[in-house]
Amino acid sequence: MGKTKVAETSEKMEKIVSLCKRRGFIFPSSEIYGGLGSTWDYGPMGVLLKNNVKAAWWRENVQYRNDMAGLDAAILMHPNVWKASGHVDCFQDPMVDCKNCRKRFRADDLEGDRCPECDGEFTEARQFNLMFKTFMGPVEEESAVVYLRPETAQGIFVNFRNVANVTRKKLPFGIAQIGKAFRNEITPGKFTFRTREFEQMEIEFFCHPSEGTKWYEYWYQERFNWYIKWGIRRENLRLRPHDKDELAHYAEGCQDVEYNFPWGWSELEGIANRTDFDLRRHQESSSENLTYFDEEKNEHILPYIIEPSAGADRGTLAFLVDAYDEDEAPTEKGEMDKRIVMRFHSAIAPVKAAVLPLSKKPQLQEVADRLYSDLKREFFCDYDDRGSIGKRYRRQDEIGTPYGVTVDFQTLEDQAVTVRDRDTMKQDRISLTALIEYLKGKMKF
Ligand code: ATP
């Protein structure tokens, strides 16, 4: 009998979660204390992977552009920011509890009106604000309540005037920021897909109101293509325009970039035309002038904002899921056996090359050590001299290292090494002096 869709889904995710733990991508947080629901720690491979995802985003969206500036705003902001933005009054989800099994659900996620776990009856829906509250200063009094930001965007809106002044950029231009955000989600889950602490990569792109639609269309296409450029397969991505009833009341348009996760299509990023809502609200609430003087048209305007808002953790999870593959590779004895291989794009792969001396003989180690010190100055490398070469290749395949560089006894004579390609498993003999250029030529960053 064939497997059900649900069984296949959980099987694939189980394999990925287990690989993440085994190879040091992602660990459950506070594990020695039994873990803390829905929080995760990135291990030695995970931190490299997520940094590469963030770096690819920053390079393309900030470094390579003339119309973008970066920002790193504080997590704690003036409480009035969240009043003006609407988060204090409206950032809430309807929550219901099952009277029988006591499980809690987001009412808008449910299809029927009975508990999907035990068919029990639900309580009335209650509104639940998703912002984490904390206290500033030593006295826990109401006046000192501050929030952990639920999105990085507000730090950009309130700095619009500062950035416009110091960069002297003319419209259209954007401000980009990567940082932590916190939401007290009712139903976190699906590994790192929905957590209470996560990182966002957000752009707020300011333009003349008459050009809002043009830039909105530009950005959702641009952001869709970004995921493909860094290795996610086209067929696993789609753009989904929001229905009218899904749209926030101020938004003129919104599209999600969705990824086909093992459990189905889910949002990676939302691109919205937010009109002048945010600047208008902050202008009214702070009584500061946040208009922009358009010299060409000789008028003060409140720019429209196009917002591509991505999750760094969700993106990283999509890169992990998309890279996961199983095929066959020869063992030491030459028999074919199953191998797990993470087919990351070279710019996303945590480790770019592994130096693998064939034996622990000092003459070989010396050459391998020197090679490793040279290579790691160019890109992130690994050194492994433990266990059989076959096992070492398998380990590198599981962390997705594009190239394995083997130093063998012949190296001492011909000053050359064997380079093994992760995907084709083909081997090339390359001279030590040409190796760095060879690897750089093969990898795209
Ligand atoms: P969802 O409907 O999945 O809760 P959202 O539409 O509320 O998401 P946005 O407010 O548009 O999400 O946030 C922008 C991006 O931030 C999302 O596309 C996602 O990548 C990321 N993000 C939002 N909430 C979480 C979370 N709880 N965990 C991980 N990433 C998140």
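Throughout, read-outs are computed from the coordinates displayed, never taken from laboratory work. The model shown is predicted, which means the values in this text are computed figures rather than measured ones. All Cβ positions, even for glycine, are placed from backbone atoms using ideal geometry, and neighbour counts span all protein chains on display.
Mind checking which lysines have their Cα closer than 24 Å to the Cα of Lys12? Skip sequence neighbours fewer than 8 apart in that chain.
Result set, ordered by chain and number: Lys3, Lys21, Lys50, Lys190, Lys338, Lys391.
Which order do Tyr438, Tyr259, Tyr33 fall in if you start with the one that has the fewest other Cβ atoms within 10 Å?
Ranked by crowding around the Cβ, least crowded first: Tyr33, Tyr438, Tyr259.
Once R0 is set to 30 Å, what does the formula 1/(1 + (r/R0)^6) return for the Cβ-Cβ distance between Thr187 and Lys83, expressed as a FRET efficiency to the nearest 0.05?
So the FRET efficiency works out to roughly 0.65.
Determine which aspartates and glutamates satisfy two conditions relative to Lys376: a Cα distance under 14 Å, and not lying fewer than 8 residues away in the same chain.
Partners found: Asp384, Glu437.
Give the Rg/Rh ratio for segment 351-442, taking Rg as the radius of gyration of the Cα atoms and Rh as the Kirkwood radius, to two decimals.
In segment 351-442, Rg relative to Rh is 0.91.
Calculate log10 I(q)/I(0) of segment 1-129 for q = 0.09, 0.18, 0.19 Å⁻¹, where I(q) comes from the Debye formula with a single equal point scatterer on each Cα and nothing for solvent.
Taken in order of the listed q values, log10 I(q)/I(0) reads -0.54, -1.17, -1.14.
Within a 10 angstrom radius of the beta carbon, how do Thr39, Thr134 rank from fewest other beta carbons to most?
Lowest to highest Cβ neighbour count: Thr134, Thr39.
Hey, which aspartates and glutamates would be in cross-link range of Lys180, C-alpha to C-alpha under 13 Å, not counting anything within fewer than 8 residues on its own chain?
Straight-line reach from Lys180, under 13 Å: Asp72, Glu151, Glu197, Glu199, Glu202, Asp313.
Can you give me the Cα centroid spacing of segment 266-333 and segment 339-407 in angstrom?
One Cα centre to the other: 36 Å.
If you average over every viewing direction, what projected area does the convex hull of the Cα atoms of the chain give, in nm²?
28.1 nm²
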